[in-house]
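S.K.: One structure is given below, represented as structure tokens, and several questions about it will come after.
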Amino acid sequence: MAEILQLIIYGIVLGSIITLGAIGVSMIFGILRFAHFAHGDIMTLGAYLALIGVGPLSLPMLGVFPLAVVATGLIAAGIDRLIYRHLRSSSPIIMLISSVGTALMLRSLIQLIWGPDNKIYTQGISMPYTYADLQIKPEQITIVLGTVALVTLLHLFLHQTRMGKAMRAMSDNMNLARISGINTERVIFWAWIIAAGLGAAGGIFLGIDTRLNPIMGWRLLLPVFAAAILGGIGSYYGAILGGIVIGISQELSTLFISPAYKPAIAFGIMVLMLIFRPTGIMGGQK
Amino acid sequence: MSLLQVDEVSGGYTSVDILHDVSLTVEPGEIVSVIGPNGAGKSTVMKAVFGLIRVRKGRIAFQNQDITGLRPDTIVRKGLCYVPQEFNIFPSLTVRENLEMGAFVRQDGGLAEQMELVFQLFPPLKEREKQTAGHLSGGQRQMVAMGRALMLDPQLLLLDEPSSGLSPLFIEQIFERIIEINATGVGILMVEQNAKKALSFSHRGYILTMGANRHEDTGQNLLVDPEVGQMFLGG
């Protein structure tokens with residue numbers, strides 16, 4: 001029993017990280033109607049940008065975190081200007097393939113700059129808190145609470161601000177948004193800032209929980225997509241639910257099969273979902 | 001000065017023209033209906049006015065200002081608003097948020113008063129302002145759609161099949177509201193399947209067939225014209 005609870009705790013930590021990626025994938029799909037395959041590498045980029053701050057500059061993570069998040073958002077908006085914007089009128093498949101290309105470029109660039117080896121933010125081991133056989137590290141509490149805070153901020157943004165409402169409107173009905181006079185390019189800019197910013201936060205959390213390497217985000221892409229599809233792509237709240245479910249399922253699967261097959265669980269859930277309920281739990285877009 | 005002037009416009013979605021030299025005008029304060037069989041290009045005319053399709057030839061002017069080929073978000077700032085036939089609300093937004101989106105380009109802060117006016121026109125929306133628009137009935141959705149378009153206090157409203165898919169009771173209500181909106185000085189250009197009913201309260205009407213002008217007259221004259229009645233109003 002304790003073992004299962006312990007795995008659920010780890011699942012929630014992993015699920016938080018997946019959630020932060022899945023919200024971005026869902027948001028970009030909702031607004032631009034394409035599967036953004038470079039999202040995993042955007043997460044990696046965020047993690048490495050934070051490494052500049054805490055590594056060579058030895059600044060505290062709390063100060064570096066928002067800077068890395070904003071910087072990643074701006075870079076993603078820049079990539080959109082440079083690449084995706086020119087392809088918007090073409091088919092979603094062309095956008096998707098171009099994002100695979102972008103993913104490869106980002107990953108290679110990260111590898112060129114920081115090298116292929118594992119990196120860590122801080123040396124040393126932190127002692128976990130123990131309560132009746134259950135363990136959780138202080139960093140893991142930070143990750144979960146940080147995710148809750150970011151998701152709350154996102155909720156407030158989407159429901160209380162003019163731009164947030166315009167973003168929901170655009171993912172509801174692109175044509176009507178244009179007819180209503182919403183400047184769609186400006187909404188797209190903010191969508192990239194938020195989607196990539198949350199992705200960067202997820203990447204940094206993954207770096208804190210484990211370690212950094214150039215393929216950390218690419219490896220996470222499958223569970224991230226599985227979470228977005230499970231929740232219903234285009235639905236932000238679905239992405240949160242999907243992220244947590246995928247995270248917990250992956251960790252619980254280690255009870256029965258080798259941890260090496262964890263991603264297969266995410267893939268399995270995604271395939272089943274696509275066959276039996278392609279609109280996801282929360283009924284997103286097709 | 002005409003409110004809207006469409007001058008020999010040809011164009012379509014692709015390189016194939018659907019409209020062939022279509023012309024029509026709306027004078028200030030008028031209700032003008034466009035009727036005709038399916039596939040006559042009635043909705044396409046509206047999309048051409050609103051910059052949603054390619055206009056290959058001809059000129060569209062709003063208050064003597066050329067708007068041919070402008071983007072929808074530019075056109076909407078000039079004082080004409082468009083209610084498409086379907087997919088004309090934001091289903092996951094609340095009623096109030098739908099109206100706010102209608103006023104997205106409005107910077108002068110008159111939002112609260114305009115929303116009050118829309119609520120006066122459509123009282124059921126006031127009661128449901130916090131409800132998700134996608135959960136409303138067909139008639140209420142049409143109210144949301146028209147309310148959204150009215151949020152900018154337009155001089156001209158383009159309505160594509162406002163009664164489509166509604167029950168007879170709601171059709172009556174929607175037409176009454178259109179007359180009420182028009183009474184406040186808003187010009188209306190309307191496409192309607194329900195041609196008899198629409199012509200009965202329209203100042204003028206145009207009949208389109210095969211993407212071209214066929215006939216034009218006052219609403220009353222079109223209603224009593226035997227040929228029009230037989231061919232386009234179902235006898």
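Here, each number is a calculation from the coordinates, and none is a lab measurement. All values derive from a computational prediction rather than experimental measurement. When we count neighbours, we look across all protein chains shown, and the Cβ atoms used for this are built from the backbone with ideal geometry, even at glycine.
S.K.: Rank the residues A:ARG219, B:ARG148, A:ARG178 as a footprinting-exposure proxy: fewest other Cβ atoms within 10 Å of their Cβ go first.
M.R.: In order of increasing Cβ crowding within 10 Å: A:ARG219, A:ARG178, B:ARG148.
S.K.: Quick one: P(r) of segment A:1-73 from all Cα-Cα pairs, 10 Å bins, percents rounded to integers, in order of increasing distance.
M.R.: Here the calculated profile for segment A:1-73 is 18, 34, 30, 17, 1.
S.K.: Okay, moving on. If you average 1/r across every pair of different Cα atoms in segment A:129-286 and take the reciprocal, what Kirkwood value do you get, in Å? Display every interim value, and only then the final one.
M.R.: Details: mean 1/r = 0.0575 Å⁻¹.
In segment A:129-286 this quantity evaluates to 17.4 Å.
S.K.: Could you tell me the calculated FRET efficiency between A:VAL148 and A:LEU109, based on Cβ-Cβ distance and R0 = 41 angstrom, to the nearest 0.05? Don't skip to the answer; put the middle values down first.
M.R.: Working: r = 32 Å, r/R0 = 0.78.
FRET efficiency, A:VAL148 to A:LEU109: 0.80.
S.K.: Where does helix A:39-54 land angle-wise versus the long Cα axis of chain A, in degrees 0 to 90, nearest 10?
M.R.: Taking Cα atoms only, the helix is inclined about 60 degrees.
S.K.: I want to verify the translational diffusion coefficient of chain B in µm²/s; compute it with Stokes-Einstein, Rh as the Kirkwood radius over Cα pairs, at 25 °C and 0.890 mPa s.
M.R.: Details: Rh = 18.0 Å.
The estimated diffusion coefficient comes to 137 µm²/s.
S.K.: Please arrange B:LEU52, B:LEU152, A:LEU156 by how many other C-beta atoms lie within 10 Å of their C-beta, fewest to most.
M.R.: A:LEU156, B:LEU52, B:LEU152
S.K.: Right, next: Does anyone have the angle between helix A:2-32 and the longest principal axis of chain A? Alpha-carbon axes, 0 to 90°, nearest 10?
M.R.: Roughly 20 degrees, rounded to the nearest 10.
S.K.: If you don't mind, another one. Could you work out the equivalent-ellipsoid semi-axes for the protein assembly as shown, taking the square root of 5 times each eigenvalue of the Cα gyration tensor, largest first, in whole Å?
M.R.: 54, 23, 20
S.K.: Identify the residues of segment A:138-176 with backbone N under 12 Å of a label point that sits 7 angstrom from the Cα of A:VAL70 along the Cα-to-Cβ direction, or state none.
M.R.: Under cut-off, by backbone N: nothing.
S.K.: I've got another one for you. For segment A:59-148, list log₁₀ I(q)/I(0) at each q in 0.17, 0.20, 0.23, 0.24 Å⁻¹, using the Debye formula over Cα point scatterers of equal strength and ignoring solvent, two decimals each.
M.R.: Values, matching the q order: -0.98, -1.11, -1.21, -1.25.
S.K.: Continuing with this model, one more query. How far is helix A:138-160 tilted, in degrees, relative to the longest principal axis of the Cα atoms in chain A, given as a value from 0 to 90 rounded to the nearest 10?
M.R.: Tilt of helix A:138-160: around 20 degrees.
S.K.: Under 15 Å from a point placed 7 Å out from the Cα of B:GLN63 along the Cα-to-Cβ direction: which residues of segment B:117-159 have their backbone N that close?
M.R.: From segment B:117-159, the list is B:152-157.
S.K.: How many percent of the alpha carbon pairs in segment B:130-235 exceed a separation of 16 Å?
M.R.: More than 16 Å apart: 61 percent of the Cα pairs in segment B:130-235.
S.K.: What share of all Cα pairs of chain A, in percent, falls into each consecutive 5 Å distance bin?
M.R.: 1, 6, 12, 17, 19, 17, 13, 8, 4, 2, 1, 0
S.K.: If you don't mind, there's one more thing I want to ask. How large is the Kirkwood hydrodynamic radius of segment A:1-122, counting all unique pairs of alpha carbons, in Å? Write out the running numbers ahead of the final one.
M.R.: Details: mean 1/r = 0.0619 Å⁻¹.
Answer for segment A:1-122: a Kirkwood hydrodynamic radius of 16.2 Å.
S.K.: Report the calculated FRET efficiency for A:ARG162 and A:ILE94 (r = Cβ-Cβ distance, R0 = 35 Å), to the nearest 0.05.
M.R.: Approximately 0.65, to the nearest 0.05.
S.K.: Expressed in whole Å with the largest first, what are the equivalent ellipsoid semi-axes of segment B:22-72 derived from the C-alpha gyration tensor as the square root of 5 times each eigenvalue?
M.R.: Largest first, segment B:22-72 gives 18, 16, 9 Å.
S.K.: Round to the nearest 0.05 the FRET efficiency obtained for A:SER258 and A:ILE4 when R0 = 30 Å and r is the Cβ-Cβ distance.
M.R.: Values: r = 18 Å, r/R0 = 0.59.
Once the sixth-power term is evaluated, E becomes 0.95.
S.K.: Return the distance in nm (one decimal) between the two label points of a simple spin-label model at A:HIS155 and A:TYR131, each offset 7 Å from Cα along Cα→Cβ.
M.R.: 2.1 nm
S.K.: Per DSSP H run of at least 4 residues, take -39500 (n - 2.57); add these up for chain B, divide by its residues and hand me the 222 nm value, nearest 500 deg cm²/dmol.
M.R.: Value at 222 nm, helices only, nearest 500: -10000 deg cm²/dmol.
S.K.: Each label point is 7 Å from the Cα along the Cα-to-Cβ direction; what then is the distance between the points at B:ASP217 and B:GLU113, in nm?
M.R.: About 4.4 nm, to one decimal.
S.K.: Moving to a separate point now. Report the semi-axes of the equivalent ellipsoid for segment A:187-274 in whole Å, largest first, where each axis is √(5λ) for an eigenvalue λ of the Cα gyration tensor.
M.R.: Details: eigenvalues 104, 64, 20 Å².
Value: 23, 18, 10 Å, ordered largest first.
S.K.: Averaged over all directions, how much area does the convex hull of the C-alpha atoms of segment B:42-98 cover when projected, in nm²?
M.R.: Computing the convex hull of the Cα atoms and averaging its projections yields 4.8 nm².
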